[in-house]
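What follows is one structure encoded as structure tokens, with my remarks underneath.
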Amino acid sequence: MRTFIRSATLVATLGTFAFGTIALNSPLLGSASAHSIIQLNEVSAVAGQTSAMTLEIQHGCLPAEPTLQVEAFVGAPWRAVRPEPVAGWTSSVTKQAKGGWHITWVNQGTPIPFGTATFFPITVSWPKNPGTYGMSVMQLCPGSSYYWNDKYAPATASTPSPPLTPRAEVLVVAKKDTSGKTTATSTGKPAAPVHAH
């Protein structure tokens, strides 16, 4: 199985989800790939509150493989996650040993064709503190997989920007009191713009 990731060791990053050490070896690394995208559906993620988000997987794995399974990982500040039903998929949630959550969706029907986007709605109890929070995502296909966990950073001599496997992030904003003033100061920065594919 080819794996299109930059991180060489998944065990430390994924907590209870252990693939072991995977060497990066892909002739397609320089090719464009789909992204995992968080959509808030016109409703801000507010610190300490609960609302919906959607995780979008743009398409299957290169060169033209269908998506069979998707896994998402969030850290301890995320208070709770509940995947909503998606036709043709089962889902499960596991609390990770060091806090945070591991969500798994498994395709139960016809594999999703390569060029078809898939949407996974999730109800989230957002972190108590404002800030920028990431969701690492693994997409598994019959012969390859993608792991989106690279942070956005400026380009360097050896690293492109945006990264080839960017981590999706959400800006959790401060709760406002009845006077319209914020009750806490946001320490987060806006998430990097989504790049159309």
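Do we find that residue 99 is small (Gly, Ala, Ser) and either surrounded by 13 or more Cβ atoms within 10 Å (Cβ to Cβ) or closer than 19 Å to residue 43 by Cβ (or both) in this structure? It is false that residue 99 is small (Gly, Ala, Ser) and either surrounded by 13 or more Cβ atoms within 10 Å (Cβ to Cβ) or closer than 19 Å to residue 43 by Cβ (or both).
Given the criteria under 17 Å from the mean Cα position of the chain (by Cα), surrounded by 13 or more Cβ atoms within 10 Å (Cβ to Cβ), at pLDDT 90 or above and of a type outside the set (Phe, Trp, Tyr), does residue 14 qualify? It is false that residue 14 is under 17 Å from the mean Cα position of the chain (by Cα), surrounded by 13 or more Cβ atoms within 10 Å (Cβ to Cβ), at pLDDT 90 or above and of a type outside the set (Phe, Trp, Tyr).
Regarding region 23-45, can at least one residue be identified that is at pLDDT 50 or above, part of a strand (DSSP E or B) and either exposed (fewer than 13 other Cβ atoms within 10 Å of the Cβ) or of a type in the set (Ser, Thr, Tyr) (or both)? Within region 23-45, one or more residues are at pLDDT 50 or above, part of a strand (DSSP E or B) and either exposed (fewer than 13 other Cβ atoms within 10 Å of the Cβ) or of a type in the set (Ser, Thr, Tyr) (or both). The criterion of at least 2 residues that are under 19 Å from residue 173 (Cβ atoms) and of a type in the set (A, V, I, L, M) is met, among strands (runs of 3 or more DSSP E) falling completely within region 70-142, by 80-83, 118-125. Each residue in region 36-80 was checked for being under 18 Å from the mean Cα position of the chain (by Cα) and within 23 Å of residue 152 (Cβ to Cβ), and 25 of them qualify. Among the residues making up region 69-80, those that are surrounded by fewer than 19 Cβ atoms within 10 Å (Cβ to Cβ) and closer than 21 Å to residue 47 by Cα are 75, 76, 77, 79, 80.
The values are calculated or read from the model by the stated rules, or taken from the named source; none is laboratory data. This one's a predicted model, so the numbers in the text were calculated from it and none came from an experiment. Because the Cβ atoms are built from the backbone with ideal geometry, glycine has one as well, and the counts that use them run over all protein chains shown.
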